[in-house]
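For reference, the structure discussed in these notes is given below.
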Amino acid sequence: MFPLREDFLRVLPELVFCAGGTLLMFLQPFVRSRQAFSSLALLASAAATLSAGFAALTPGTAFGGLIRADGFSFFFHLLIGLVVFLVVLGSSSYLERERLAPAEFYALVLFAAAGMGVLASAQELLTAFIGLEMSSISSYILAGYRRDAIKSSESAMKYFLLGSFATAFFLYGIALVYGKTGTTVLTQMGSADVSDTVLKLGLALILVGLGFKVAAAPFQVWTPDVYEGAPTPVTALFSAGPKAAAFALLLRIFVMVPAATQLWFWAFWLLAVLTMFTGNLGALVQSNVKRMLAYSSIAHAGYLLVAFAARSEIGVAAILFYLLAYALAKLGAFTVVGHLGGGGEKHLDLEDYAGLAQRQPFAAAALSVFLLSLLGLPVTAGFFGKFYIFKAALHSHLIWLAVLMGLNSVIGAYYYLRLIVVMYMREPREEAACAPFPAAVSMVLTICVLGTLYFGLFPNHVISFALSPGLFGR
Amino acid sequence: MTPHLMLFFVLAALAVGGAVSLIVASHPIRSALALIVVMVALAGLYLLLGAEFVAAVQIIVYAGAIMVLFVFVIMLLNAGEEERTNVSRLAGTAGIPLAVALAGFLAAAVARSTPVTATGAAAQGAASTRALANLLFREFVYPFELTSFLILVAILGALVLAQREK
């Protein structure tokens, strides 16, 4: 079974990402211009996003069933491609300001994206594991990319140690599941005996490993420190990219393996509640905006887990839509934070945002849109995200989960609105610097704002796509 | 108890003992030496399973090349004794009982479960070198090739984190 043309077409996005990363590494010694590297990285991520279309045109499995190109993987490839494109676009001015080497940075981002792409389309656990590691190891290094900043090194170290620990759990889980079912291909696990303890343990360990990657409580301890210490464009990538990819794998296992569908339900229920409360209560007491957004991203993982617990098609659709809405808002918010942080990321405190509306009306307006979307107000994409999750929860008679989620949304409103109030109602401090936004950063913000508003008004395209029966290629 | 089984328990005890002393040892060189014990014991376990090739690779690559590199780096950095902080003591008192509980739980579950007849890859006798090659270069060629990119990322990361300031 030599790989055929279709096999390569179905993994084309990953190949493009890898080729782009390798090319950047080759060019690094010869090219001096920062512009050239960022253009190349932009080109590679755009090409990879487009090539997801080629993969979608020839749906089916590749490499003997290890990979599946279907509507589901198409959606996640588009999402990851978009996230990477926006991160690259928004990071060039940051890298210049902090005097960081561009070629290696972009290469690592592209390799991480390739890993996330693998996660989105893998239907075999070993392949998924390699994808997870590609994305994780790139992430560890990116977290420590500001080597002169002690916080960045701390972030990388913590992420690496805890991430490796979680990976061990994931791998042990795969070993146990393989030991019981005799296969690592998800589609062949249908006949497995659900009542078997080893299989239960294996699935539980896989859930622990992936729970760490999506920052679900009680596996979320690393998140605030890592998000705060990492360079802000990297934090933007973390909150949108690897998280979506890990959710994609979790969802594919949950849907395709009947044993997981049965066994993970209560785990998701419990994780969702814990995660929502940890994230929101943690965010309440933060005065550092970057840290507050880190806690808020924990809370959003909790909302997504509510949709998992719904175990229905509308739940799946809600997850896909929510990930899109969440990625746009979080990316945009972190991009604003990264730019306003100034040299060495010194201005991250809530006080530094006082009177932002007077100093930089555009940034304040954009950040407000993102915060309102995270809060879930109408006309923003976040509203329909939360709406569909509520609908899925009520549809599956998970009244308590829906109630707790509503309660958490109210808690969340406090800290999102507090930041907006600080930006609009307070007088600016006189020494506050007022660096203008570079064109590329403004473009990122414009795309994120327009996307947030567009999907807040017209969510139907995405929802009907996510509800289509052929989503998992069946 | 068959000699086969006895050998298994001896090797397993060596592996676990080596792993524990790796964590407990406070000097990096001692940890590295304990790691060699783990690697060699694992190679013995692979041999018991009839996987000669994997056992040989385990010795050559891990116990040989990688461990030499480890020891070399430790010597080069002149790494001294680890310092124990209050947090690491806390991790010991809370972590050890939890780790023991998890291990006991897993062992009980594995002991009680019925063995399965392997299908797919394992049924073809993945232990023999030819079967292993077929698995690596045919069935699992895609993750195998992806691994090369994974290693490339690791190399790039080492360069990024270790290079001198310009």
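The values are calculated or read from the model by the stated rules, or taken from the named source; none is laboratory data. Worth saying up front: this structure is predicted, and the values here are computed from it rather than measured. Please note: Cβ atoms are built from the backbone with ideal geometry, for glycine as well, and neighbour counts cover all protein chains shown. Accessible surface areas use protein heavy atoms only, side chains included; no ligands, DNA or RNA. Shrake-Rupley method; radii C 1.70, N 1.55, O 1.52, S 1.80 Å.
Below is a table of values for the structure above.
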read-out: Computed log₁₀ I(q)/I(0) - Debye formula, equal Cα scatterers, no solvent, the range A:352-474, q 0.14, 0.19, 0.20, 0.23 Å⁻¹; value: -0.75, -1.08, -1.14, -1.28
read-out: Kirkwood Rh, Cα atoms: Rg over Rh of the range A:301-364; value: 1.20
read-out: Under Karplus coefficients 6.51, -1.76 and 1.60, residue-wise ³J(HN,Hα) of the range B:10-20 in Hz, glycine/proline x; value: 4, 5, 5, 5, 4, 5, 5, x, x, 5, 5
read-out: Separation of alpha-carbon centers, the range B:79-98 and the range A:268-337, rounded to whole Å; value: 33 Å
read-out: Rh by Kirkwood over Cα pairs, then Stokes-Einstein D for the range B:15-77 at 1.567 mPa s and 4 °C, µm²/s; value: 109 µm²/s
read-out: The range A:5-467: mean projected area of Cα convex hull, nm²; value: 20.0 nm²
read-out: Rounded accessible area of A:Val462 (nearest 10 Å², 1.4 Å probe); value: 20 Å²
read-out: Summed side-chain charge close to A:Ala366 - residues other than A:Ala366 whose Cβ falls under 15 Å, Lys, Arg +1, Asp, Glu -1; value: +2
read-out: Within the accessible area of the range B:20-67 (1.4 Å probe), percent carbon and sulfur; value: 81 percent
read-out: Cα-centred dipole magnitude for the protein assembly as shown, charges only on beta-carbon of K, R (+1) and D, E (-1), debye, nearest 20; value: 380 debye
read-out: Mean Cα-pair separation over length for chain B, i.e. relative contact order, pairs under 8 Å, 6 or more apart, %; value: 19 percent
read-out: Most mobile of B:Ile29, B:Ile59, B:Ile74 in a GNM of chain B (Cα contacts under 10 Å); value: B:Ile74
read-out: Residue with peak Gaussian network fluctuation, chain B [Cα springs, cutoff 10 Å], from B:Asn78, B:Asn134, B:Asn86; value: B:Asn86
read-out: Rg followed by Dmax, in Å, when the range B:65-107 is reduced to its Cα trace; value: 16.2, 41
read-out: Over 20 Å (Cα to Cα) - which of A:Lys158/A:Lys243; A:Lys213/A:Lys386; A:Lys213/A:Lys330; A:Lys290/A:Lys391; A:Lys158/A:Lys213; A:Lys243/A:Lys386 fall in this group; value: A:Lys213/A:Lys386; A:Lys290/A:Lys391
read-out: Interchain or long-range residues, amide H under 5 Å from A:Ala217's placed H; value: A:Thr275
read-out: Cβ charges +1 (Lys, Arg) and -1 (Asp, Glu), total dipole of the range A:311-375, debye; value: 140 debye
read-out: Derived scalar couplings ³J(HN,Hα) [the range A:317-328; Karplus, 6.51 cos²θ - 1.76 cosθ + 1.60; whole Hz; x for Gly, Pro]; value: 4, 5, 4, 4, 5, 5, 4, 5, 4, 5, 4, 4
read-out: GNM flexibility winner over chain B from B:Leu45, B:Leu136, B:Leu76 (Cα, springs under 10 Å); value: B:Leu76
read-out: Size of electric dipole in the range A:75-162: Cβ of Lys, Arg +1 and of Asp, Glu -1, about Cα centre, debye, nearest 20; value: 240 debye
read-out: Where trypsin sites (Lys or Arg not before Pro) fall in DSSP loop in the range A:1-79, at most 16 other Cβ within 10 Å; value: A:Arg32
read-out: Value in Å of the Kirkwood radius, where the range B:1-120 supplies the Cα pairs that are averaged; value: 16.8 Å
read-out: The range A:59-69 - phi-based ³J(HN,Hα) in whole Hz, Karplus 6.51/-1.76/1.60, Gly and Pro as x; value: x, x, 8, 9, 6, x, x, 6, 10, 10, 9
read-out: Counted charge near B:Val153, where neighbours are those whose Cβ lies closer than 15 Å (Asp, Glu -1; Lys, Arg +1); value: -4
read-out: Mean Cα-pair separation over length for chain A, i.e. relative contact order, pairs under 8 Å, 6 or more apart, %; value: 15 percent
read-out: For the range A:6-57: rounded, prolate or oblate by the Cα gyration tensor [a/c cutoff 1.5]; value: oblate
read-out: A:His395 accessible area, assembled protein chains, probe 1.4 Å, Å²; value: 130 Å²
read-out: Å² of accessible area per residue within chain A, as computed with a 1.4 Å probe and no ligands counted; value: 34 Å²
read-out: Helix A:71-97 vs. chain A, principal-axis angle (Cα, 0 to 90°, nearest 10); value: 30 degrees
